[in-house]
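Chemist: First the structure, which I've put down as structure tokens, then a few questions once you've had a look.
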Amino acid sequence: MQVAIRARRLVPDSAAEPIEDGAVVVDGDTIAAVGPWRDVAAGDAEVLDLGDVTLLPGMFDCHVHLTMDPAAAHTSAAPTLTDEDAAALMVANASRLLDAGVTTACDLGAPGVVATTVRDRIARGDVEGPRLLVANAPITVPGGHAHAMGGEASGVDEVRAMVRRRAAEGADLIKVMTTGGFMTAGSRPWEARYSYEELVAVVETAHEHGMRVTTHALGVEGIERAVAAGVDTIEHCGWVTRDGSRFDERIARAIVDEGVSVSPTMNSACLAQDYFCPWDERDHVVDNLRSMHRAGITLVAGTDAGIGLVHFERYADGLSVFADAGMSPREILAAATDVPPTSAASPTGRAGCPPACPPTSWPWTATPPPTTARSPARCSSWPGAGGTP
Ligand SMILES: [Zn+2]
């Protein structure tokens with residue numbers, strides 16, 4: 001039985017002209033037709049008329065933490081829940097993400113194997129949620145950022161073994177911490193972690209197992225080292241220094257030349273009215289984003305939802321920060337719904353976090369997404385604030 005989903009406006013992809021009175025015809029889990037209602041409406045299809053909305057391809061969130069509760073008083077990277085409670089929280093958060101219009105998400109940090117387990121439950125249709133790609137515990141130096149999740153490793157042999165362990169767990173990709181983070185006291189976000197040799201070992205071993213590597217990199221030195229070592233994607237890319245931030249044109253060129261995608265994790269914390277991002281003053285953070293865009297870096301949408309005060313329902317806030325940095329609506333739509341166009345043709349085979357999704361199997365979403373959670377005012381109690389030297 002086919003279902004024809006009709007909407008006042010339809011945008012088939014970020015490069016297409018909007019279609020007035022459009023429809024998507026779905027046959028089981030496959031999109032059978034997309035176009036003007038008068039052209040694609042099938043005789044016996046069940047009709048679902050959404051009315052005055054704009055129908056878009058499903059959106060990506062390339063950086064979430066579904067096992068974390070953004071409303072918790074003291075969210076941190078340290079797991080405090082039992083596996084059963086973490087799985088229940090993950091399912092609830094996945095549903096919130098789906099309601100916000102996100103149909104593919106990357107979980108970039110969860111303890112144990114709860115993330116792979118919930119990913120599989122969603123894939124089987126046991127519970128609702130976006131298609132998930134998961135990293136399980138990030139690989140980090142002893143005592144480093146998010147070490148409490150269980151991914152501590154040091155030296156070439158240990159990091160190789162840790163990548164193999166993630167592969168055995170069934171993780172989809174590897175996350176490695178190449179700088180400290182604001183959520184782990186004492187980890188120093190502006191300082192690099194892991195030697196070039198250790199990072200190359202992570203990338204080589206992951207690629208041998210068919211897994212891509214993304215890195216948490218806030219500081220300038222860690223960003224540069226990660227690019228040199230051959231990571232596929234950079235999270236945050238905050239250009240953080242000891243006393244603020246400093247965009248580096250030369251390193252940005254290397255990011256472009258190497259075909260590395262950046263997920264800058266803009267979110268509710270980066271909005272002008274509620275600003276509480278700890279990296280630097282807002283003007284500098286938005287300027288850095290503008291500079292990355294102008295340099296030609298492929299930007300993909302990711303929010304870091306799950307960390308303190310960054311709610312899954314507020315996915316669209318991050319897209320509005322892209323607009324503040326000068327990206328056009330089409331460019332923002334591409335960052336949120338397209339596989340980065342350079343990735344498929346890239347000689348290194350690198351790509352952003354989401355897998356290539358043939359247009360015929362794209363999930364679709366109707367805007368505007370609901371915004372049920374309220375973002376609180378600027379907050380001095382950012383997780384880790386005060387504990388970071
Ligand atoms: Zn994160």
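Computed from the coordinates by the stated procedures, all read-outs in this text should not be read as laboratory data. Just so we're clear, the structure is a prediction, and the values are computed from it rather than from any experiment. Positions of Cβ are generated from backbone atoms using ideal geometry, with glycine treated the same way; all protein chains shown enter the neighbour counts.
Chemist: ASP27 to ARG250: FRET efficiency via 1/(1 + (r/R0)^6), r the Cβ-Cβ distance, R0 56 Å, to the nearest 0.05? Walk me through the numbers on the way to the answer.
Modeler: On the way: r = 51 Å, r/R0 = 0.90.
With a Förster radius of 56 Å, E is 0.65.
Chemist: Next question. Just subtract the alpha-carbon distance of GLU84 and ALA41 from 0.36 nm times their residue separation and send over the number in nm, one decimal.
Modeler: Using 0.36 nm per residue and subtracting the Cα-Cα distance, I get 11.0 nm.
Chemist: Can I ask one more? What's the extension gain from ARG294 to GLU258 if we count 0.36 nm per residue and subtract their Cα-Cα distance? Let's see the in-between values first.
Modeler: Values: separation 36, 0.36 × 36 = 12.96 nm, distance 1.65 nm.
Extra length available between ARG294 and GLU258 comes to 11.3 nm.
Chemist: Can you pull the one-decimal nm distance between simple spin-label points at ASP99 and ALA168, each 7 Å off the Cα toward Cβ?
Modeler: For the pair ASP99/ALA168, the computed spacing is 4.0 nm.
Chemist: Quick one: if you stick a label point 7 Å off each Cα along the C-beta vector at HIS284 and ALA15, how many nm between them?
Modeler: Each label point is offset 7 Å from its Cα along the Cβ direction, giving 3.8 nm.
Chemist: Using amide H atoms built 1.01 Å from N in the peptide plane, name the residues 5+ places from SER187, or on other chains, whose amide H lies under 5 Å from its own.
Modeler: Distant-sequence amide H within range of SER187: GLY181.
Chemist: Sticking with this one: What fraction of the Cα pairs in segment 239-329, stated in percent, has a spacing above 21 angstrom? Write out the running numbers ahead of the final one.
Modeler: Numbers: 1204 of 4095 pairs.
Above the 21 Å cut-off, segment 239-329 has 29 percent of its Cα pairs.
Chemist: Another one. Can you give the three extents of the C-alpha atoms in segment 181-286 along their principal axes, from longest to shortest, in whole Å?
Modeler: 45, 30, 24
Chemist: Moving on to the next point. Taking the inverse of the average 1/r across all pairs of different Cα atoms in segment 2-57, what Kirkwood radius in Å do you get?
Modeler: Details: mean 1/r = 0.0915 Å⁻¹.
Every distinct Cα pair counted, the radius reaches 10.9 Å.
Chemist: Output ³J(HN,Hα) for segment 63-70: one whole-Hz value per residue in order, computed from phi by the Karplus curve 6.51 cos²θ - 1.76 cosθ + 1.60 with θ = phi - 60°, and x for Gly and Pro.
Modeler: Using θ = phi - 60°, the values come out as 7, 9, 10, 6, 8, 10, 10, x Hz.
Chemist: So how compact is segment 110-229: Cα radius of gyration and Dmax in angstrom?
Modeler: Rg then Dmax for segment 110-229, in Å: 14.3, 44.
Chemist: Treat segment 59-361 as a sphere of radius equal to its Kirkwood radius over Cα pairs and apply Stokes-Einstein at 37 °C in a medium of 0.692 mPa s; give the translational diffusion coefficient in µm²/s, rounded to a whole number.
Modeler: Numbers: Rh = 18.7 Å.
Translational D for this selection: 175 µm²/s.
Chemist: Quote the charge dipole size of segment 2-57 about the Cα centre in Debye, to the nearest 20; the model charges only the Cβ of Lys and Arg (+1) and of Asp and Glu (-1).
Modeler: Its charge dipole is roughly 120 debye.
Chemist: Could you let me know the centre-to-centre spacing of segment 102-142 and segment 298-328, using Cα atoms, in angstrom?
Modeler: Centre-to-centre (Cα) distance: 20 Å.
Chemist: Another question about this same structure. Restricting attention to segment 128-219, which GluC sites (Glu not before Pro) occupy a DSSP loop and are surrounded by at most 12 other Cβ atoms within 10 Å? Write out the running numbers ahead of the final one.
Modeler: Details: sites: GLU128, GLU152, GLU158, GLU169, GLU191, GLU197, GLU198, GLU204, GLU208; in loops: GLU128, GLU191.
Qualifying residues, ordered by number: GLU128.
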